[in-house]
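Here's the structure we're looking at; comments come further down.
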Amino acid sequence: MLENPFILEPFKSKKYFCDREKESEEIIRNITNGRNTTLISPRRLGKTGLIFRVFEEIKERQLPYETIYADISDTLSLEEFIKALSDAVVSKLKKQHRISAFFKSLKSVRPLLGLDPMTGSPQVSFSFADENQQQNTLKDVLGYLESYPQMIVFAIDEFQQIREYEGINMEAILRKHIQHLHNVRFIYCGSKKHTMTDMFTNAKKPFYESTSFCYLTKLPVKVYGAFIREKFESAGKSIDDDSLDYILEWTKVHTYYTQRLCNEVFSLSDSKVDRDIVLKAIQTILDGERERFREIRRLITRAQWKMLSAIAKEDSVLQITSSAFLSKYGITSGPTALRNIKALIEKELVLATTEEDRTSYSVYNVFLSRYLAMEQY
Ligand SMILES: Nc1ncnc2c1ncn2[C@@H]1O[C@H](COP(=O)(O)OP(=O)(O)OP(=O)(O)O)[C@@H](O)[C@H]1O
Ligand SMILES: [Mg+2]
């Protein structure tokens, strides 16, 4: 069995990861110069992958940092935040005596160690009496990192999530403790550009001007094309220019969708990739996604679906309230269009991209966009 070189997880090794040389260099430079990084991009473009790419680079170059990764996307409170950070620390420490030292440093609670029955990864559980105890524990967790014998790079993925915690100003709490740390470099990662930018560039917010920004954009077409060709060829499969161009055009060079399509093309092909195989792969993917698209359709209003479909058919729309656009798709009025676009952005079904004061709208999920564009009016 030939291994499929188009991976669908964020990172496996440098061999399966295309480019991002400049970005990983930039983040490493931030780290070695004592700066924290804010890493932002739309969903599924490769932020998490890049974090692990940077971690691997640190290891390869034997830079003197311990690397820790925490994903806080499922957290809804300070308590869950502390747990996510502690789980990340513990899964890094591995050795029992180090875990004991970590637990000992948490002076105001008695944490328990268990194993996730599904994944087998270590899990820390706490029972807090009140918020005060939680705040003290957060301080202790960060204090432990500060006293760690090696410098630490701590990546917090989906950082924007802290704005969802009810009843507390998590930004203020976190900033208060973090600003005193010298032993830890943070990478704050997130996909909600508006929220992330507000956190780090709004003078009234606690994290104002505390980091360097790294905006991840799409991979350059030529570089990604060469990567894809090389992966096919080193597996003994040839791919013609037409098929390669077609893949990248169809996926709009959005990383996840490109990987997914290439993965399918690879699995369907023998020694030669041509346009027919690419079309078959597209059909297979869309067939597989159809039920999910129906589910989305059930979850939004008819008018929102109509709007989504209109945007898909246009590929991207600059003037959402222009009479040309509204009348072409039978959308009743500008205010209706604005209301629906707002709802679609909140549901992450539409991506708003602002460049030089001009905002354009596109369907976030490239597969859904292609599916809708093919539907009849
Ligand atoms: N440089 C790359 N080379 C090859 N594949 C990549 C690269 N970057 C990302 N990918 C692929 O794209 C997918 C999405 O990447 P990743 O999960 O890192 O994105 P993300 O920006 O963190 O997304 P989200 O905001 O949804 O968390 C990965 O599963 C991986 O298959
Ligand atoms: Mg991610």
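What follows draws every value from the coordinates through simple rules; no lab data is involved. Since the model is a prediction, treat every value here as computed from it, not as a measurement. Don't worry about glycine lacking a Cβ; one is built from the backbone with ideal geometry, like all the others, and counts go over all protein chains shown.
Worth pointing out:
- Qualifying position, being within 26 Å of residue 219 (Cβ to Cβ) and either free of Cβ contacts under 8 Å to residues at least 24 places away in the same chain or more than 16 Å from ligand 1 (Cβ to nearest atom) (or both), among 271, 309, 327, 316: 316
- Residues of region 189-247 that turn out to be in contact with a helix residue (DSSP H, G or I) (Cβ under 8 Å, 6 or more places away or on another chain) and of a type in the set (Val, Ile, Thr), as a count: 6
- Residue in region 35-44 that is away from ligand 2 (no atom under 16 Å from the Cβ), over 16 Å from residue 255 (Cα atoms) and outside any loop (DSSP other than H, G, I, E, B) present: yes
- Residue tally, condition within 17 Å of residue 90 (Cβ to Cβ) and assigned to a loop (DSSP other than H, G, I, E, B), over region 128-145: 0
- Residues being under 30 Å from the mean Cα position of the chain (by Cα) and either part of a helix (DSSP H, G or I) or surrounded by 18 or more Cβ atoms within 10 Å (Cβ to Cβ) (or both) - total across region 83-110: 13
- Residue within region 236-253 that is within 21 Å of residue 23 (Cα to Cα) and buried (at least 19 other Cβ atoms within 10 Å of the Cβ) present: yes
- Among the residues of region 237-253, none qualifies, meaning not one is among the basic types (Lys, Arg), within 25 Å of residue 351 (Cβ to Cβ) and in a helix (DSSP H, G or I).
- Scope region 184-205; condition surrounded by fewer than 18 Cβ atoms within 10 Å (Cβ to Cβ), away from ligand 1 (no atom under 16 Å from the Cβ) and touching a residue at least 12 places away in the same chain (Cβ under 8 Å); matching residues: 205
- Some residue of region 9-17 being within 16 Å of ligand 1 (Cβ to nearest atom), of a type in the set (Phe, Trp, Tyr) and assigned to a loop (DSSP other than H, G, I, E, B): yes
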